[in-house]
Amino acid sequence: GDSVTQMEGPVTLSEEAFLTINCTYTATGYPSLFWYVQYPGEGLQLLLKATKADDKGSNKGFEATYRKETTSFHLEKGSVQVSDSAVYFCAAGAPAGGTSYGKLTFGQGTILTVHP
Amino acid sequence: DAGVIQSPRHEVTEMGQEVTLRCKPISGHDYLFWYRQTMMRGLELLIYFNNNVPIDDSGMPEDRFSAKMPNASFSTLKIQPSEPRDSAVYFCASTAGVDTIYFGEGSWLTVV
């Protein structure tokens, strides 16, 4: 089955630092890839997504590029803020439109703490 | 849109009691998913429905767990009898199959 591996955390940064959270996947075919964010005590919110190779998803200053050759979908942000402190999950799922779309395999999550 | 609505948000129950978690998907979405989040196992898919029909329940941990979707706007996840190891956050999610997958805010279950 599919699997997703995220870099081990937690990650602690100072405000305005550059962020990278690594994510690699193993899947048959071409999965859709997602980054979700979970703030303390809240549910999962979609941060960004990409559905085919070389697509770049972006939102709120975060970016991730679907790299088929390295089976990766690393999350980056040029300048983090205290408000970005949360848990970030990488996920892989069946391609959009397929019968299994939405059946996501999640990475273990990376805790990000940003200090002023 | 109100988003995916789950209830209760928090529940504390005694071991052996029946627990019922409820979910209202986003109107028009024909896929509904139940996920469980624990510290030890992370996020796991328990079961998912398409057009109210269960498609894959291979993630349901054991017979104590059951899920139903009697209509397009309502689903339940039941645990009977509950055990302390069932303590987790249970998420419901929905999608139309070609768009973003939306999660509810979760039901935080504690079994004592």
Run through segment B:55-112 and list the chymotrypsin sites (Phe, Trp or Tyr not before Pro) located in a DSSP loop whose Cβ has at most 12 other Cβ atoms within 10 Å. none
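With the cut-off at 1.5 for a/c, could you classify segment A:37-113 from its C-alpha gyration tensor as rounded, prolate or oblate?
Values: a/c = 2.12, a/b = 1.38, b/c = 1.54.
Oblate, since a/c reaches 1.5 and b/c is not below a/b.
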Label-point separation (nm) for residue B:27 and residue B:74, each offset 7 Å from Cα along Cα-to-Cβ? 1.7 nm
With label points set 7 Å from each Cα along the Cα-to-Cβ direction at residue B:112 and residue A:17, the distance between them in nm comes to 3.9 nm
Between residue B:20 and residue A:59, the FRET efficiency computed from the C-beta separation at R0 = 35 Å comes out, to the nearest 0.05, as 0.50
Say the cut-off is 30 Å between C-alpha atoms; which of A:49/B:24; A:68/B:78; A:60/B:24; A:52/B:78; A:77/B:68; A:52/A:77 go over it? A:68/B:78; A:52/B:78; A:77/B:68
Nearest 0.05, what FRET efficiency do residue A:70 and residue A:45 give at R0 = 25 Å with Cβ-Cβ as r? 0.40
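Longest exposed-loop-site-free stretch of chain A, with trypsin sites (Lys or Arg not before Pro), DSSP loop and at most 16 other Cβ within 10 Å? Don't skip to the end; give the middle numbers.
On the way: sites that count: A:52, A:60, A:68.
Formally, the longest exposed-site-free interval is A:1-51.
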In a shell of Cβ-Cβ distance under 12 Å around residue A:58, excluding residue A:58 itself, what net charge do Lys and Arg (+1) and Asp and Glu (-1) give? +1
Low-density loop GluC sites (Glu not before Pro), segment A:26-82, at most 10 other Cβ within 10 Å, DSSP non-H/G/I/E/B, are A:69
Compute the relative contact order of segment B:48-87 as a whole-number percentage, counting only Cα pairs closer than 8 Å that sit 6 or more residues apart in sequence. 30 percent
Where does each of B:10, B:29 land when they are ranked from fewest to most other beta-carbon atoms within 10 angstrom? B:10, B:29
In whole Hz, with x marking every Gly and Pro, tabulate ³J(HN,Hα) for segment B:101-111 from phi via Karplus 6.51 cos²θ - 1.76 cosθ + 1.60, θ = phi - 60°. 8, 9, 9, x, 7, x, 10, 8, 9, 10, 10
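Which net charge results when you count Lys and Arg as +1 and Asp and Glu as -1 among the other residues whose beta-carbon is under 10 Å from that of residue B:74?
Numbers: positive: B:22, B:24, B:68; negative: none.
Net of charged neighbours comes to +3.
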HN-Hα J in Hz across segment A:105-116 - Karplus 6.51, -1.76, 1.60, θ = phi - 60°, x for Gly and Pro: 10, 9, x, 7, x, 10, 7, 10, 10, 10, 9, x
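Only the coordinates and a few stated rules stand behind these numbers; no lab work does. Keep in mind the model is a prediction, meaning the values are calculated, not measured. Cβ coordinates were reconstructed from backbone atoms using ideal geometry, including for glycine residues, and neighbour counts include every protein chain displayed.
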